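Heads up, the thing below is written out as structure tokens.
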Amino acid sequence: ASGNTIRFGAADIGGMYYSFANTFTELANEEATDYTFEVRTTAGSSANLRLLSDNYIELGIAQADLIDDAYKKNSNLRAIAGLYTEACQLVVRADSDIETLDDLAHHTVSVGAEESGTELNANQILEFAGIPDSIVTKKNLDYIEAAHELESGDIDAFFCTAGLTTTVIDELSRECDIRLISIGDNVIKKMLSSSDAYSATYIPSGTYKGQDEDIKTIGVKSVLVTSDSISDDLIEQLTRMLFEKTK
């Protein structure tokens with residue numbers, strides 16, 4: 001660690017990682033450890049795993065589907081605990097002609113920030129849905145940019161893998177009418193067989209304003225990860241804090 005500062009890699013403001021990281025660092029700073037905890041905004045899961053191995057951060061959150069691959073390349077990574085299930089969410093405006101994944105053809109879609117877990121999931125979902133890059137225009141936008149561009153009509157849809165209820169989507173649903181698109185059984189099956197990090201999940205009706213039905217999708221666990229640069233003693237303190245405080 002850089003002196004006694006522990007840097008926690010979150011992700012974009014408006015997602016669950018950022019909220020979690022802030023709450024977690026506040027709690028950690030209240031505990032009588034010898035360290036100061038700071039949040040660093042990052043692009044998300046892939047970035048956090050890279051920044052851990054570069055020692056730019058000491059703690060981070062990443063999707064379980066990305067950790068397996070990262071561990072093969074860098075055995076310094078350690079998982080502290082599984083946190084909560086994130087849902088792959090596909091959002092369109094309510095008046096959109098997009099009703100299914102197939103309808104994304106010939107539209108402009110945000111697949112998430114570069115190096116985010118959202119980007120990995122969006123690309124896999126599009127591939128399994130049989131939608132090649134040649135017939136869809138992809139943009140790399142973070143959640144806030146994506147919500148803004150959907151509202152203004154600059155994009156037609158955006159993917160967002162995040163815990164429910166996702167703040168950005170919740171706020172967007174109050175600004176403009178939106179719908180969520182189910183991922184579809186066929187694509188869900190392919191996702192489940194591609195990685196055991198995935199589970200079938202759904203976004204319950206009423207999660208967002210105007211959402212009156214359950215939306216089927218893929219879930220993936222978020223995991224609190226660290227590098228071997230921090231002591232076992234500190235990891236033990238953080239783990240205890242996590243399970244005592246985040247009931």
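The values are calculated or read from the model by the stated rules, or taken from the named source; none is laboratory data. Everything numeric here is computed off the predicted structure, so don't read it as measured data. Here Cβ is always computed from backbone atoms with ideal geometry, including for glycine, and neighbour counts include all displayed protein chains. With ligands, DNA and RNA removed, areas are computed over all heavy atoms of the protein, side chains included. Shrake-Rupley method; radii C 1.70, N 1.55, O 1.52, S 1.80 Å.
Before moving on, here are some points about what is shown:
- Selection from 46, 25, 108 lying farthest towards where the dipole of the stretch 15-147 points positive, charges on Cβ: 46
- Beta bridge orientation in the stretch 47-182: antiparallel %, DSSP, nearest 5: 65
- When the alpha carbon coordinates of the stretch 101-194 are projected onto the principal axes, the ranges are 36, 28, 25 Å, largest first.
- Nearest-20 debye value, the chain charge dipole, Cβ charges on Lys, Arg, Asp, Glu: 540
- Cβ charges +1 (Lys, Arg) and -1 (Asp, Glu), total dipole of the stretch 131-238, debye: 480
- Amide H contacts of residue 9 (H built 1.01 Å from N, under 5 Å, at least 5 apart or other chain): 40, 58, 59, 60, 61
- When P(r) over Cα pairs in 10 Å bins from 0, in percent is computed from the coordinates, the matching label among (1) 8, 32, 34, 19, 7, 0; (2) 6, 28, 37, 22, 7, 1, 0; (3) 7, 31, 37, 20, 4, 0 is (1).
- Residues in the stretch 104-109 carry Karplus couplings, in order, of 5, 3, 6, 10, 9, 10 Hz; the curve used is 6.51 cos²θ - 1.76 cosθ + 1.60 with θ = phi - 60°, and Gly or Pro positions show x.
- Low-density loop cleavage sites - GluC sites (Glu not before Pro) in the stretch 89-149, where at most 14 other Cβ are within 10 Å (DSSP): 99, 114
- Bridge type composition, the chain - antiparallel percent by DSSP, nearest 5: 70
- The stretch 110-247, relative contact order [Cα under 8 Å, separation at least 6], %: 19
- Secondary-structure-derived ellipticity at 222 nm for the chain, considering helices only, amounts to -11000 deg cm²/dmol, per-run term -39500 (n - 2.57) for DSSP H runs with n ≥ 4.
- What a 1.4 Å probe finds exposed on the stretch 10-160 is 45% carbon and sulfur by accessible area, rounded to a whole percent.
- Amide hydrogen proximity for residue 218: with H placed 1.01 Å from N in the peptide plane, the residues at 5 or more positions away or on another chain lying under 5 Å are 88, 201.
- Å² per residue, accessible surface of the chain at 1.4 Å: 45
- Between the stretch 141-198 and the stretch 99-121, the Cα center-to-center distance that results, in Å: 8
- Residues whose amide H lies under 5 Å from that of residue 80, counting only those 5 or more places away or on a different chain, are 224, 225, 226; hydrogens are built 1.01 Å from N in the peptide plane.
- Dipole moment magnitude, nearest 20 debye, the stretch 48-115 about Cα centre, only Lys, Arg, Asp, Glu C-beta charged: 480
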